[in-house]
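Colleague: What follows is a structure written as structure tokens; I'll ask about it next.
The values are calculated or read from the model by the stated rules, or taken from the named source; none is laboratory data. Because the structure is a prediction, the values reported are computed rather than measured. FYI the Cβ positions are ideal-geometry reconstructions off the backbone, even for glycines, and counts take in every protein chain you see.
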Amino acid sequence: MKNLMITGLNENKVNGVVKGLNQLLADLHVYYMNLRGLHWNVQGKGFFQLHAEYENQYNDTAEKIDSVAERLLQLDSKPENRFSELLKAASLQEQNDKVTDTDGMQLILDTLKALIAQERAIIAAAEEANDEVTIALMDDFLVGQEKAVWMVNAYLA
């Protein structure tokens, strides 16, 4: 409550934001590990391009994980760091199948669809709480993710 007292955000109104951010944090962790798996296990003619792209994606996701965790702390909440608890909370599923280049990119596209929907819901909750900082954070995420959707769709065309 000490940060909220200074920032002027209402604890009750921020609860919906915190809930959404915790869900996003769990799903970003699963997405990160799925991307690592794609990066490690990619094979075939597109290896060099996809290996590098998967690395770009997981590095970006790692930064998002850190940003979400830090935002939770700013909202006087403790981000979950235990993988067992993150997996229980996640709506995304772990992927461990060998996938083709198109399967891997489709996995990214499907995951982005889910993450974008979550982030838009967080924005709605943050608007109700007058939480401009979380709105700005989610807006930043969406800028890159919507560009990634366009690029992945172009790859899959």
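Colleague: Given the structure, is Arg82 farther than 30 Å from Ala154 by Cβ and surrounded by fewer than 16 Cβ atoms within 10 Å (Cβ to Cβ)?
Modeller: Spelling it out, Arg82 is indeed farther than 30 Å from Ala154 by Cβ and surrounded by fewer than 16 Cβ atoms within 10 Å (Cβ to Cβ).
Colleague: Turning to a different aspect of this structure: Are any of the residues in region 107-120 touching a Ser or Thr at 6+ places or on another chain (Cβ under 8 Å), surrounded by 14 or more Cβ atoms within 10 Å (Cβ to Cβ), of a type in the set (D, E, K, R) and modelled with pLDDT of 95 or more?
Modeller: Looking for residues that are touching a Ser or Thr at 6+ places or on another chain (Cβ under 8 Å), surrounded by 14 or more Cβ atoms within 10 Å (Cβ to Cβ), of a type in the set (D, E, K, R) and modelled with pLDDT of 95 or more, one finds none in region 107-120, hence no.
Colleague: Looking at this structure, is Gly44 free of Cβ contacts under 8 Å to residues at least 40 places away in the same chain and surrounded by fewer than 16 Cβ atoms within 10 Å (Cβ to Cβ)?
Modeller: Working: free of Cβ contacts under 8 Å to residues at least 40 places away in the same chain: no; surrounded by fewer than 16 Cβ atoms within 10 Å (Cβ to Cβ): yes.
No.
Colleague: Separate question: Name the residues in region 127-157 that are touching a Gly at 6+ places or on another chain (Cβ under 9 Å) and farther than 19 Å from Leu28 by Cβ, would you?
Modeller: Correct list: Glu128, Ala129, Asn130.
Colleague: Take the residues of region 28-56 that are assigned to a helix (DSSP H, G or I) and small (Gly, Ala, Ser): which is nearest to the chain's Cα centre (by Cα)?
Modeller: Gly37
Colleague: Can you name every residue in region 4-35 that is among the β-branched types (Val, Ile, Thr) and farther than 12 Å from Leu87 by Cα? Before the answer, list the steps.
Modeller: Taking region 4-35 as the starting set, the residues that turn out to be among the β-branched types (Val, Ile, Thr) are 6-7, 14, 17-18, 30.
If the condition is that a residue be among the β-branched types (Val, Ile, Thr) and farther than 12 Å from Leu87 by Cα, then Ile6, Thr7, Val14, Val17, Val18 are the ones that fit.
Colleague: Here's a follow-up. May I ask you to say which residue of Glu80, Glu70, Glu63 is farther than 19 Å from Val149 by Cβ, free of Cβ contacts under 8 Å to residues at least 40 places away in the same chain and not basic (Lys, Arg)?
Modeller: Exactly one residue qualifies, and that residue is Glu70.
Colleague: Quick one: Asp76 ticks every box in (1) modelled with pLDDT under 95; (2) more than 24 Å from Leu142 (Cβ to Cβ); (3) over 20 Å from the mean Cα position of the chain (by Cα) bar one, so which box is it?
Modeller: (1)
Colleague: Condition check: at positive phi and either in contact (Cβ under 8 Å) with a residue 24 or more places away in the chain or not hydrophobic (A, V, I, L, M, F, W, C) (or both). Does Gly20 satisfy that?
Modeller: In short, no.
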